[in-house]
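Structure first, commentary second.
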Ligand code: WTA
């Protein structure tokens, strides 16, 4: 073990293997504190030191009124929290509002002329577009008019959006929200098959897409994926009645895939019929669904977290204000993709609800070189910058000295999605932040709507490698395997849970209430008959420890989910794709450590009797993963091995495979049914 490294042993439960011991190495020590500059503290949105007292668990749920009050309501709520049917919490019951009104219309009087969104195209020679609140309002209304009158979409219907990072993506989301249509945005980099699966699951018959876009200097023809999506959905017996295509260059259709009659519509053309139309925002109940966001879990197919209108919007607004410190005068750039929850909450809904200017960048951060983000920051006067450890690691590798060349001024920077190594944190702070910035390391999940743990930037110092305490209103607890509370601030690892419900938490899993309970509550609910919210802690699926100062350090997933470059992938999803390859008998996916992406999948495969190992087979495995899921799941290695390590009951021991890939000690393997295979696999891997 390296000096200063600590190893925390956590026993994790796996649906397949009963209880299995997993070792999670914490490769860094407790760090020194860093303090936000006084210039930041002075101007901060939240600097009331009493906040944690006001938001103590004794005051739950009353403190969340303040979150609701950040929004404009058509009708005030009668009941702040209805917790009578755990764990299906209902917030702001009786209240009515509209998310598009809160993100657009309510700013028109004061600031219709300021940029709501900037579009930064990847090709640097193309001009940046600033979309004012006024123009955003016009575009949202016209598109909503077309949705309503041209497509007969109405509240409660689902629309799937499979688009790159362009203004039209945010406009489409807000047009849906205006009508009460539920949007389901599928990450643009996901495959057609993944998009089709999500259309089928959400029973959505309209697909919104784009002809193509720029990524890493290349033009990607995206329309092809729409055609394949419709085909794949059709195979599953699901009809897609309309494919709406935005043109990346309006007036020029640039895909080489033709239009299908009676199905494909160029949105840019049709909108001329709706010029100047206004659509009254629907008065939505607080707990009407605003959107679905699919995410991977332990079991096979991705599930849709179902987010509410009032609870979600109030939560992301409060978090944007207090933790990201966004004000209407700020220019805020989050480099996440809107196809993930971070982009929904912190590119679109949160910043726009506060009337800020938010940036949508089309491409990869390092295109054409690692100075690009810093040029954008300088040019647009960005003062809040939000990204992931993977992006930071890669920008540091490609251009460690680049930030120093550009004269921009960040007041706050954000990291999200994976644990950040203290060394990487320090580069972010010293080099990107020029040593004069507040940083928040925000821990949360798709299911949560907004942050769970982070420091409040003006109230608590930063500590590299640790996220911080629960944000105001969130009360975490760590449990061991037997359901005992791990002593607070003891530095002992365990499973992190949240004691209380909160408004940003999803309302459930679309179409699968049982899975919602099984995944997030069953584990630590002492009495399933209980009607008391205190008996229903939310189980996050992450290992964590709490240091004596109350800061949490997140140790990673404890379920069968791997977090590649901050993107969640279910091992079962990848494995079931691999099993489609002819000749494959069994497949096991593990997470192999990677210097840039955190981890990358590696696949161990056994073949059916009589099938000979070949390079072609290995390639087929990679191809099918990219086809079924997308390039983000591309494995680093595919190992063809004679057998997989198994328990006596026949379960595959992925933990042992992971230790081989990561050159670690597999621990005690004597209880395996086939311990001798471990050495044989190790030889294959080290050859
Ligand atoms: C991980 C992304 C350490 C964690 C918002 C969680 C983090 C999963 C952090 C959720 C962080 C997220 N430090 N780990 N600051 N933020 N994670 O659903 O394992 O894409 O469970 O949501 O990412 O990923 P998701």
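Where the second residue is part of a helix (DSSP H, G or I) and more than 9 Å from the ligand (Cβ to nearest atom) and the first is touching a residue at least 24 places away in the same chain (Cβ under 8 Å) and lies in region 446-460, which pairs have Cβ atoms under 6 Å and are six or more apart or on separate chains?
Listed pairs, sorted by first residue: 449/312; 449/315; 450/315; 450/316; 450/319; 451/319; 458/41.
Among the residues of region 522-551, count how many are within 16 Å of the ligand (Cβ to nearest atom), assigned to a loop (DSSP other than H, G, I, E, B) and more than 21 Å from residue 466 (Cβ to Cβ).
Result for region 522-551: 1.
From the list 209, 229, which residue is outside any helix (DSSP H, G or I) and crowded, with 24+ Cβ neighbours inside 10 Å?
On the way: 229 fails: outside any helix (DSSP H, G or I).
Only one candidate qualifies: 209.
Restricting attention to region 552-573, and to residues there that are assigned to a loop (DSSP other than H, G, I, E, B) and at negative phi, which single residue is farthest from the ligand (Cβ to nearest atom)?
Step one: list which residues in region 552-573 are assigned to a loop (DSSP other than H, G, I, E, B), which gives 558-560, 565-566.
Filter once more, keeping what is at negative phi: 558-560.
Details: 558: 9, 559: 9, 560: 13 Å.
Checking each candidate, the answer is 560.
Let's see how each residue does on (1) in contact with a helix residue (DSSP H, G or I) (Cβ under 7 Å, 6 or more places away or on another chain); (2) surrounded by 12 or more Cβ atoms within 10 Å (Cβ to Cβ):
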{"position": "237", "(1), (2)": "no, no"}
{"position": "240", "(1), (2)": "yes, yes"}
{"position": "246", "(1), (2)": "yes, yes"}
{"position": "254", "(1), (2)": "no, yes"}
{"position": "263", "(1), (2)": "no, yes"}
{"position": "268", "(1), (2)": "no, yes"}
{"position": "288", "(1), (2)": "no, yes"}
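Taking region 315-340 on its own, how many of its residues are in contact with a strand residue (DSSP E or B) (Cβ under 7 Å, 6 or more places away or on another chain) and either assigned to a helix (DSSP H, G or I) or crowded, with 24+ Cβ neighbours inside 10 Å (or both)?
The number of residues fulfilling the criteria is 8.
Is it the case that residue 434 is under 22 Å from residue 368 (Cα atoms), more than 22 Å from the chain's Cα centre (by Cα) and surrounded by fewer than 20 Cβ atoms within 10 Å (Cβ to Cβ)? Give the steps one after another, and end with the answer.
Numbers: under 22 Å from residue 368 (Cα atoms): no; more than 22 Å from the chain's Cα centre (by Cα): yes; surrounded by fewer than 20 Cβ atoms within 10 Å (Cβ to Cβ): yes.
Spelling it out, it is not the case that residue 434 is under 22 Å from residue 368 (Cα atoms), more than 22 Å from the chain's Cα centre (by Cα) and surrounded by fewer than 20 Cβ atoms within 10 Å (Cβ to Cβ).
Among the listed residues 581, 589, 605, identify the single one that is more than 28 Å from residue 490 (Cβ to Cβ), in contact (Cβ under 8 Å) with a residue 12 or more places away in the chain, part of a loop (DSSP other than H, G, I, E, B) and in contact with a strand residue (DSSP E or B) (Cβ under 9 Å, 6 or more places away or on another chain).
Working: 589 fails: part of a loop (DSSP other than H, G, I, E, B); 605 fails: part of a loop (DSSP other than H, G, I, E, B).
That would be 581, the only listed residue that is more than 28 Å from residue 490 (Cβ to Cβ), in contact (Cβ under 8 Å) with a residue 12 or more places away in the chain, part of a loop (DSSP other than H, G, I, E, B) and in contact with a strand residue (DSSP E or B) (Cβ under 9 Å, 6 or more places away or on another chain).
Could you pull out the residue among 181, 208, 166 that is closer than 20 Å to residue 293 by Cβ and free of Cβ contacts under 8 Å to residues at least 40 places away in the same chain? Lay out the reasoning, then the answer.
Numbers: 208 fails: free of Cβ contacts under 8 Å to residues at least 40 places away in the same chain; 166 fails: free of Cβ contacts under 8 Å to residues at least 40 places away in the same chain.
Result of the check over 181, 208, 166: 181.
I'd like the full set of residues that are more than 24 Å from residue 345 (Cβ to Cβ), touching a strand residue (DSSP E or B) at 6+ places or on another chain (Cβ under 6 Å) and not in a loop (DSSP other than H, G, I, E, B), limited to region 250-293.
264, 265, 266, 267 - these are the residues of region 250-293 that are more than 24 Å from residue 345 (Cβ to Cβ), touching a strand residue (DSSP E or B) at 6+ places or on another chain (Cβ under 6 Å) and not in a loop (DSSP other than H, G, I, E, B).
So, residue 94, is that one at pLDDT 95 or above and in contact with a helix residue (DSSP H, G or I) (Cβ under 6 Å, 6 or more places away or on another chain) or not?
On the way: at pLDDT 95 or above: yes; in contact with a helix residue (DSSP H, G or I) (Cβ under 6 Å, 6 or more places away or on another chain): no.
Here the answer is no, as residue 94 does not meet what is asked.
Need a quick list: helices (runs of 4 or more DSSP H) entirely within region 372-468 having at least 1 residues that are within 14 Å of the ligand (Cβ to nearest atom).
On the way: elements: 372-380, 389-398, 422-427.
In region 372-468, the matching helices (runs of 4 or more DSSP H) lie at 389-398, 422-427.
The values are calculated or read from the model by the stated rules, or taken from the named source; none is laboratory data. Because the structure is predicted, anything quoted here is derived from the model rather than measured. Virtual Cβ from ideal backbone geometry, glycine too; neighbours counted across all protein chains shown.
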